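Data first, discussion second: the structure below is written as structure tokens.
The values are calculated or read from the model by the stated rules, or taken from the named source; none is laboratory data. What you see is a predicted model; the values in this text were computed from it and never measured. We place every Cβ from the backbone using ideal geometry, glycine too, and count neighbours over all the protein chains shown.
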């Protein structure tokens, strides 16, 4: 089975948590809050496109808004297969990290 | 007020990389963030932030675009390949024609590049000039020995100068002897010209009078692998030369050709170097930042200021070193050939491109359904144009690869033809590489743009409804065909005229006999025993006549002051002269106009002169020249005969006045032996053994006069050969295109032909139906091509003083040839179309 990439995983969790208000700007902000890293713009569209193609998320367009220079927003929503994929990766993560404690990771 | 909107250019830039459907989303997101940023940190920082975002994003977006379009690209590639495979004939004409055109361009480009690079490698090249001397409208490269020292003394603008006087002399190291191309130069030579030193260095190369510098090739020939420095070479069996340096072989892109270099005093003698006699060319180097035109004005009258005795003025001039290969002193400038060949390359490429465009637009209807389907499936016009241009660019790149293969295969043949050593090296030759890529892209885009616009404008609905589309670009195709026909006819006419003129030169009666004459260069030793040798040789079988002269009739160039009745040594005229032995006129079969040739029966003949008709015209003797007074740099004598004019120098020049006299003591002297055509090899062996017997130390070497003559026109012949090859190629490519066009036309009209046949049309009616259009175009092209070719060729012909007039038949023949060739192609296709059963064709509907 093909696993999600790390970027896809982060974007997918963001969409899940944003619950229907996920679009480019909010996803980016969310990622900044969670990881503390600022992603460049193009960087989030790449995983978004791939996730769309895999069928893990769906797109819907809003009406144009003035603060966006009259351009439409595209909202993203997670699908059931998307949730399954996240579930799978979560269990796997937990399995992988189970026996790893902070004390093992400490450097001298 | 500070602008609050996002930077327009950055937005535009970003939009180039976005697909249409994601345009709104991404730009909108970015815009929204920009607004937030403006609130947070002010418009200026927001501005920079926006730019930063755009620049970071572009590489990623490009990656994404490629990925996204990859799928489409595969589809395009597939349909391109299918199209190539389905219409093999057309594809062959398209790709092969273009490849041949491009190959031709590559070769010509290489050649032009090589010609333009002549003598570019000298570091001081910008400051180097060849001295020219002009007299009576003729310009010579020879200059007087005393000129360079005089110039150097009088004008501080001149940094240094050197002679470059020619001599072909016997050189010897131990028992190893052969003739070498010697050039006599002053010690300044290596301060002026840049050469790579293999042994020794430029500073010490000429520190002593008898120092000699030889090329690598010569070093190998004399000494093999031994160290050449300090070795002694014997020159002309008299002078010893010490090798002080070895330099690289002459670069192929230099007009300075030599085997060995030494000081002129060694061969000419110190005394001659102070005289105003001319033996060879010379070069000057000006100081930095000196205005050449000023120097030219100053030195122009140097010779006239010193020698005031004559009305004949000698004007000194300077020719930039880098111009020498491109501008001849007299006759046709070689740069003309560069223009001519560049035009041919352009014409061939044009013809090939026209084929490409014509066939592509013509075939566009065949692809109407594909286009319609793509449109229905949602392809935009922009996408279709991209697809078709991409397709032609792909085809041109295939053609380019083929062209590279073809040109590297043809290069040895071409080198042989052009007598050059060109090599095709794409990595080193970045100008060529970029040029080729640009040409390919440009050809691809230009030939793709028109068909792609036509094809993509089709309306899907009408295509599906009619299944038959009026093909677009009819008028354009006609214009292109006329251009193509015109180029082809012009090339055929030019080729015919050039080969005609060359044939005229080769076969024209020069006024003297050059067949079966052996030319033997001599040396001092042979000269002393010449009379004995001549007697011995004449007693051999197969030898018809023996004579000797300072110059062969082909290369008479030395001049001397002369005067005649009514003039004096203070009022002289300069004329070419030949010093010769008895039997000169008999050996070369020259006819006398008045009087007799030199003869032993008249004791005083060594004081007498023979002149040619051109010289007679200058004197006031008119019809009675025999017995009248004449003088050339010594006592006055009389004219005993006038020889009929003959074409000694190249037919580019008028016949010059020449004086002949009996005198055998010049340093350069050639023996001429007229032999019978039977047993030529045996006769030559005989000559060699007789010479060996009489003058044992002499090294026998000979040429045939006929070959020497051909050499004089080598440039013209070479040009003619190259021209013929390339225009043949152009004609073939053009025919290929025509065949493609005609067969397409015939194919389109099969239905019409079928119906006409049913109604009762005969084959001839059908033939005229198809051919009418093409023949009209071909005739129109003739109207344009004739004056064009006449104008171009007239200019070339004008560079010959003697030429074959351009005959009207050349034009008629070329025009007819193209018309007939068109007719044949058409007939073949038309008959094929006409003999098909109408039922079969109409049934397919």
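Numbers for the structure displayed
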item	result
Filter result (modelled with pLDDT under 85, surrounded by fewer than 21 Cβ atoms within 10 Å (Cβ to Cβ) and touching a helix residue (DSSP H, G or I) at 6+ places or on another chain (Cβ under 7 Å)) within segment B:502-522	B:502, B:514, B:515
Of the criteria (1) within 14 Å of chain A (Cβ to nearest Cβ); (2) exposed (fewer than 15 other Cβ atoms within 10 Å of the Cβ); (3) more than 19 Å from residue B:390 (Cβ to Cβ), which one residue B:71 fails	(3)
Filter result for residue B:784 (modelled with pLDDT under 85, assigned by TED's automatic domain parsing to the domain that holds residue B:345 and part of a helix (DSSP H, G or I))	no
Total residues in segment B:307-325, condition modelled with pLDDT of 80 or more and outside any strand (DSSP E or B)	6
Matching residues, segment B:11-23, being within 12 Å of chain A (Cβ to nearest Cβ), assigned to a helix (DSSP H, G or I) and in contact (Cβ under 8 Å) with a residue 12 or more places away in the chain	B:11, B:14, B:15
Any hit, segment B:41-63, residues being within 14 Å of chain A (Cβ to nearest Cβ), loosely packed, with under 12 Cβ neighbours inside 10 Å and within 30 Å of residue B:373 (Cβ to Cβ)	no
Selection within segment B:193-209 - surrounded by fewer than 16 Cβ atoms within 10 Å (Cβ to Cβ) and either touching a strand residue (DSSP E or B) at 6+ places or on another chain (Cβ under 6 Å) or without any contact (Cβ under 8 Å) to a residue 40 or more places away in the chain (or both)	B:197, B:198, B:203, B:207, B:208
Meets criteria (modelled with pLDDT of 75 or more and surrounded by fewer than 18 Cβ atoms within 10 Å (Cβ to Cβ)) for residue B:478	yes
Residue list for segment B:532-557, filter: over 19 Å from residue B:704 (Cβ atoms), surrounded by fewer than 18 Cβ atoms within 10 Å (Cβ to Cβ) and either touching a strand residue (DSSP E or B) at 6+ places or on another chain (Cβ under 7 Å) or not assigned by TED's automatic domain parsing to the domain that holds residue B:687 (or both)	B:538, B:557
Strands (runs of 3 or more DSSP E) fully within segment B:545-607 counting 1 or more residues that are under 24 Å from residue B:530 (Cα atoms), over 36 Å from the mean Cα position of the chain (by Cα) and in contact (Cβ under 8 Å) with a residue 40 or more places away in the chain	B:573-580
Hey, residue B:754 farther than 30 Å from residue B:834 by Cβ, touching a residue at least 24 places away in the same chain (Cβ under 8 Å) and buried (at least 19 other Cβ atoms within 10 Å of the Cβ) or not	no
Filter pass, residue A:95 being at negative phi, part of a helix (DSSP H, G or I), away from chain B (no Cβ under 14 Å) and under 13 Å from the mean Cα position of the chain (by Cα)	no
All helices (runs of 4 or more DSSP H) inside segment A:5-83 with 1 or more residues being facing another protein chain (nearest Cβ under 9 Å)	A:24-35, A:41-54
Test: residue in segment B:140-158 that is assigned to a strand (DSSP E or B) and either at pLDDT 90 or above or under 30 Å from residue B:353 (Cα atoms) (or both)	yes
Scope segment B:808-822; condition touching a residue at least 60 places away in the same chain (Cβ under 8 Å) and surrounded by fewer than 19 Cβ atoms within 10 Å (Cβ to Cβ); matching residues	B:813, B:817, B:821
Residue within segment B:523-531 that is modelled with pLDDT under 85, surrounded by fewer than 16 Cβ atoms within 10 Å (Cβ to Cβ) and within 27 Å of residue B:783 (Cα to Cα) present	no
Test for residue B:273: is it out of contact with any strand residue (DSSP E or B) (no Cβ under 8 Å at 6 or more places or on another chain), closer than 28 Å to residue B:257 by Cβ and part of a helix (DSSP H, G or I)	yes
Residue list for segment B:516-544, filter: more than 40 Å from the chain's Cα centre (by Cα), in a loop (DSSP other than H, G, I, E, B) and under 20 Å from residue B:695 (Cβ atoms)	B:529, B:540
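So that you can scan it fast, the table gives a plain yes or no per residue for (1) modelled with pLDDT under 85; (2) on the phi > 0 side of the Ramachandran plot:
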residue	(1), (2)
B:622	yes, yes
B:664	yes, no
B:669	yes, no
B:673	no, no
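Residue-by-condition table, conditions (1) assigned to a helix (DSSP H, G or I); (2) away from every other protein chain (no Cβ under 14 Å); (3) closer than 30 Å to residue B:733 by Cβ; (4) more than 47 Å from the chain's Cα centre (by Cα):
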position	(1), (2), (3), (4)
B:25	yes, no, no, yes
B:37	yes, no, no, yes
B:84	yes, yes, yes, no
B:101	yes, yes, yes, no
B:104	yes, yes, yes, no
B:108	yes, yes, yes, no
B:114	yes, yes, yes, no
B:121	no, yes, no, no
